[in-house]
Structures are given as structure tokens and as C-alpha cells.
Amino acid sequence: MRLLVHFRNGGQRVYNCRPLLSRPHFGMLSDPAFFKAVRVDPGGYGISWSDDIDISEYELWTNGESIASQPMQPTGSAGG
């Protein structure tokens, strides 16, 4: 129920979506397959799962937990 969000300014935040589940509007996020279907909105102004379920970049930045910027490490082995 957490998202790792990378911003154009190099900042990274971890956003916990679990508190949103108490709101009926966000109830579908409890479905793991639906939650994984998140997409960045055109222009990078937020993220969305559907036309009705989205989170603004302001919310992600303001309420996300700041983490140190570091390159993401691949989770699988890549030829070596």
C-alpha cells in the first residue's frame, strides 16, 4: 500500500496509501491488482488508477515521506 514516487527535481517520497482506504472513494485500492495498475498522469501532475481515483503531485510531495535520493537497484539478475 506504499508508492515510491520519483520527482523531476530529483526528490523521492514514499507515499502510504493505506489511510486512504478509510474513504469510500478509494476502497478499490485494497485490491492488489487494481493498486498495481497505477499510472502517472499526462504531464506528471499526479497519479491515477482510473478517471475517479487519483492523487495530486502536491499530495504526494507534501504527505510523502522523504527518502535519500539514490539510484534504484534492479531486482533481478542481469547477465552477470
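With point charges of +1 on the Cβ of Lys and Arg and -1 on the Cβ of Asp and Glu, referenced to the Cα centre of the chain, which listed residue (Leu29, Ser66, Ser48) lies farthest in the positive direction of the dipole?
Ser66
Given a 1.4 angstrom probe, I'd like the percentage of the accessible area of the chain that is carbon and sulfur, rounded to a whole number. All intermediate terms of the calculation are to be shown ahead of the outcome.
Working: 3070 of 5860 Å².
Within the chain, the accessible surface is 52 percent carbon and sulfur.
For Trp61 and Ser22 in the same chain, what is the full-extension length gain: residue separation times 0.36 nm, less their Cα-Cα distance, in nm?
12.0 nm
Using the Karplus equation 6.51 cos²θ - 1.76 cosθ + 1.60 (θ = phi - 60°), what ³J(HN,Hα) coupling, rounded to whole Hz, does each residue of segment 53-66 give in order, writing x for Gly and Pro?
The phi angles translate into 10, 8, 9, 6, 5, 4, 4, 4, 6, 5, 9, x, 7, 5 Hz.
Given labels modelled 7 Å from the Cα in the Cβ direction, how far is it in nm from Met1 to Tyr45?
It works out to 2.9 nm between the two label points.
Which entry in (i) 46, 29, 19; (ii) 36, 29, 24; (iii) 46, 27, 24 is this structure's computed Cα extents along the principal axes in Å?
From the options (i) 46, 29, 19; (ii) 36, 29, 24; (iii) 46, 27, 24, the structure gives (iii).
For the chain, what's the relative contact order in percent, using C-alpha pairs closer than 8 Å and at least 6 residues apart?
29 percent
For the peptides 46-56, 25-35, what is the packing order when you average, over each peptide's residues, the other Cβ atoms within 10 Å and list the highest mean first?
Highest to lowest by the protection proxy: 46-56, 25-35.
The values are calculated or read from the model by the stated rules, or taken from the named source; none is laboratory data. These numbers come from a predicted model, not from an experiment. In this analysis, Cβ positions are derived from the backbone assuming ideal geometry, glycine residues included, and neighbour counts consider all displayed protein chains. Accessible surface areas use protein heavy atoms only, side chains included; no ligands, DNA or RNA. Shrake-Rupley method; radii C 1.70, N 1.55, O 1.52, S 1.80 Å.
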